[in-house]
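The values are calculated or read from the model by the stated rules, or taken from the named source; none is laboratory data. Remember, it's a predicted structure, so these values are computed and weren't measured experimentally. So basically every Cβ, Gly included, is an ideal-geometry build from the backbone, and we count neighbours across all protein chains shown. Just the protein is used for accessible areas: all its heavy atoms, side chains included, with ligands, DNA and RNA removed. Shrake-Rupley method; radii C 1.70, N 1.55, O 1.52, S 1.80 Å.
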Amino acid sequence: MKLLIDGRECFAQTGQSLRQMITQMGLDSGNFSQRPIAAKLSGEVFNLNYIPVREKDVTERSSIRRAMAASGGVVELLRYTDPVGREVYERTARFVVFLALHRLWPNARAKMGTTLGSALYVSVDTDDFSWMRLRREVAALVEQDIPLTRRLISTADAVKTFAEMGKTDKARLLSLRKEETFACYGYEGFLDYYYGEMAPSTGYVQVWDILPAEGGFLFIYPDDTCPEQVAEYKAMPRVFDVCMEGDRWCELMECETVADLNDLTESGKIRELIRVNEALHEKRYAQVADMVCQRGARAVMLAGPSSSGKTTSANRLATQLRVHGKKPVLMGLDDYYIDRDLIAPGPDGTIDFEHINTIDTDLFRQNLQDLLAGKEIEIPTFDFKTGRRVWKGHKFKMEKDTVIIVEGLHALNPVLIPPELDKNSIFKFYICPLIPLSLDDHNRIPASHLRLLRRIVRDVESRGATVERTMAMWDSVRRGEKRWIFPFREQADIIFNTSTLYELAVIKKHIFPLLTAVQPEESCYEQVRGLVKILNYVQEADVDDEIPPTSLLREFIGGNTFYK
């Protein structure tokens, strides 16, 4: 059978894997970032052990394999530099790490924690843990280049096996699985799965390091800009503390995993969870308002990545500031966009709308300085339909008790703050939904997944966009966040976790039909399938009537009274 692998023609022999074929073609050599790690066929991702033409396909004269038929024989090789390829690498690395932990401390509870830049935090509950021993064991497993073979077993057997291993978290999750079979990877009695394809063997985990951390360790991934070397770890104590606080709240609310959330949904106690979550958020906004007033700050710079709830947060903070007798005024950095036709495109001919250079930083900086000096300014308005800034005579001057709240992606960027301003006059507020909920101990739900779910629902319901359109922009959005937002979050005076433990159960009703309607031939299919795999385990909760009109979640599912 003739295939087209990365634009090169070749013929697939019966029983030959993609890995064998690309090795013969000389595509498996070269440096780490250029080494194929998985393959994509018509939107679906496959392990390189995938065999295009099986023996039984020939002997039984059956039809061509579904994926091969759908792709027309076109195979796209994925590497670490591809977003999906990176996910394959990270899953493989996690398998190696948890296998090493199992071999060294079989009775210890190891739990995947938050991602801190290019590092993954893992907690280990055992008295004799040694990160140096773990590093040596991981290196040995990589050196052995152990084949990673995907196996299909019955769901009932998987539940039994995980229960016998003491992995009750995974056993409880799989007991909810509707399908009769379950795909997993195993080695030497160790069984695990990370909800997606992995590399063909442990030897693919070539660039990494392990460093000590409180209560566990940090696994360091390759550098984003130079994947051939390990990323430099930069401590993020404030982000780490917020994530640990989220974990403590999970324990307090007895909702650490999706299985716990499903139990609360089934029993009806999710309504209490909603009330407590919303009360916690309100208390936090009140605390932020207290901090602003105690400092005597006159401007709040509120930043956060896409779909973190910036607009609702700005309004809720404004409400709390009114309790202090302040007169909050909201300003949006979006109104300081430069005219679209004045923005120079990048090397690829497209405009990066996440770039700080799309903002008229000089004008904003001067406006902020003038406002805090008691002068009157005229605030521009950006017309998104025409792509131009317009002046509508919107003049403004701060009064004695005025506090301006500036909301935008770049609000924490130092270039926006006049260097001569009194530092106490500016309060830096960073928000992000750092969801602490896990599928199980080895599979935490990424914050970026939650933000993407929020954005899809909002774009479809209030902006008339399609799932495919939102997904097409997501990689660009994520690149912009890494460059222009995340580097400044540790400079914030406070970091606010805008996630709620209940929202996956609520948002599923709004989004699941949209996701399952995406077809395999769509370029975003694999990313959508990853979201579907998570939501498959979440029980839908029809409790919209319990969610307050000022809730952060209302910004995405509708019914937010701040927009009226």
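Summary table
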{"quantity": "Other-chain or far-sequence residues with amide H under 5 Å of V403's (modelled H)", "calculated": "K327, V329"}
{"quantity": "Sum of side-chain charges, A235 neighbourhood, beta-carbon under 14 Å (Lys, Arg +1; Asp, Glu -1)", "calculated": "-1"}
{"quantity": "Three-way shape label, segment 40-185, alpha-carbon gyration tensor, a/c 1.5", "calculated": "prolate"}
{"quantity": "Relative pair counts by distance (%), Cα atoms of segment 1-109, 10 Å bins", "calculated": "14, 40, 27, 15, 5, 0"}
{"quantity": "HN-Hα J in Hz across segment 390-402 - Karplus 6.51, -1.76, 1.60, θ = phi - 60°, x for Gly and Pro", "calculated": "10, 10, 10, x, 7, 9, 8, 9, 6, 9, 4, 9, 6"}
{"quantity": "Accessible-area composition of the chain, carbon plus sulfur, in percent [1.4 Å probe]", "calculated": "48 percent"}
{"quantity": "Accessible surface of D157 - all protein chains present, 1.4 Å probe, nearest 10 Å²", "calculated": "80 Å²"}
{"quantity": "Sequence-distant lysines (8 or more away, or on other chains) whose Cα lies within less than 24 Å of K40", "calculated": "K2, K56, K533"}
{"quantity": "Counting DSSP beta bridges with both ends in the chain, the antiparallel % (nearest 5)", "calculated": "65 percent"}
{"quantity": "Taking the convex hull of Cα positions in segment 389-461, its mean projected area over all directions (nm²)", "calculated": "9.5 nm²"}
{"quantity": "Global geometry of segment 390-531, whether rounded, prolate or oblate, following the gyration tensor of its Cα atoms and the 1.5 cut on a/c", "calculated": "prolate"}
{"quantity": "(i) 79, 58, 49; (ii) 67, 56, 51; (iii) 83, 52, 46, with the label sought being that of the calculated Cα extents along the principal axes in Å", "calculated": "(iii)"}
{"quantity": "Average accessible surface area per residue within segment 476-564, 1.4 Å rolling probe, Å²", "calculated": "40 Å²"}
{"quantity": "In Å², nearest 10: area of K392 left accessible to a 1.4 Å probe", "calculated": "150 Å²"}
{"quantity": "Förster-model FRET efficiency, 35 Å R0, H394 and S476, C-beta, rounded to 0.05", "calculated": "0.70"}
{"quantity": "Pairwise Cα inverse-distance average, inverted: Kirkwood Rh of segment 62-144 (Å)", "calculated": "15.5 Å"}
{"quantity": "Sequence of I494, I146 when ordered by accessible area, the most exposed leading, probe 1.4 angstrom", "calculated": "I494, I146"}
{"quantity": "Inter-centroid distance (Cα atoms) of segment 518-564 relative to segment 111-164, Å", "calculated": "30 Å"}
{"quantity": "Area accessible to solvent at D422, 1.4 Å probe radius, in Å²", "calculated": "90 Å²"}
{"quantity": "Spin-label model distance (nm) - E468 vs R340, 7 Å beyond Cα toward Cβ", "calculated": "2.1 nm"}
{"quantity": "In order through segment 159-176: 3J(HN,Hα) via Karplus (6.51 cos²θ - 1.76 cosθ + 1.60), integer Hz, x for Gly, Pro", "calculated": "4, 5, 5, 5, 5, 5, 6, x, 8, 5, 4, 6, 4, 5, 5, 6, 5, 8"}
{"quantity": "10 Å Cβ shell holding at most 12 others, DSSP loop, chymotrypsin sites (Phe, Trp or Tyr not before Pro): longest site-free stretch of the chain", "calculated": "1-383"}
{"quantity": "Within segment 107-123, backbone nitrogen closer than 16 Å to the virtual label 7 Å beyond the Cα of Y233 toward Cβ", "calculated": "111-123"}
{"quantity": "Surrounding net charge for G15, when Lys and Arg each add one and Asp and Glu each subtract one, Cβ distance under 9 Å", "calculated": "0"}
{"quantity": "Cα gyration tensor, segment 482-564 - rounded (a/c under 1.5), prolate or oblate", "calculated": "oblate"}
{"quantity": "Amide proton proximity set for V75, modelled H, under 5 Å, gap of 5+", "calculated": "L4, I5, D6, G7"}
{"quantity": "Ranking by accessible area, most exposed first, for V74, V239 with a 1.4 Å probe", "calculated": "V74, V239"}
{"quantity": "Reachable aspartates and glutamates, given that their alpha-carbon falls under 16 Å from the alpha-carbon of K428 and they are not under 8 places away in the same chain", "calculated": "D290, E407, E490, D493"}
{"quantity": "All lysines inside 19 Å of K397 as judged from Cα atoms, apart from same-chain residues fewer than 8 positions distant", "calculated": "K326, K327, K375"}
{"quantity": "In Hz, Karplus ³J(HN,Hα) per residue of segment 13-30 (6.51, -1.76, 1.60; θ = phi - 60°; x = Gly, Pro)", "calculated": "7, 4, x, 8, 7, 4, 4, 5, 5, 6, 5, 4, 7, x, 8, 8, 9, x"}
{"quantity": "Cα-based helix-to-principal-axis angle, 310-323 vs the chain, degrees rounded to 10", "calculated": "40 degrees"}
{"quantity": "Total formal charge among the other residues, if their Cβ is under 14 angstrom from that of A286, Lys/Arg +1 and Asp/Glu -1", "calculated": "+2"}
{"quantity": "Probe 1.4 Å, all protein chains present, accessible-area order of R284, R463, largest first", "calculated": "R463, R284"}
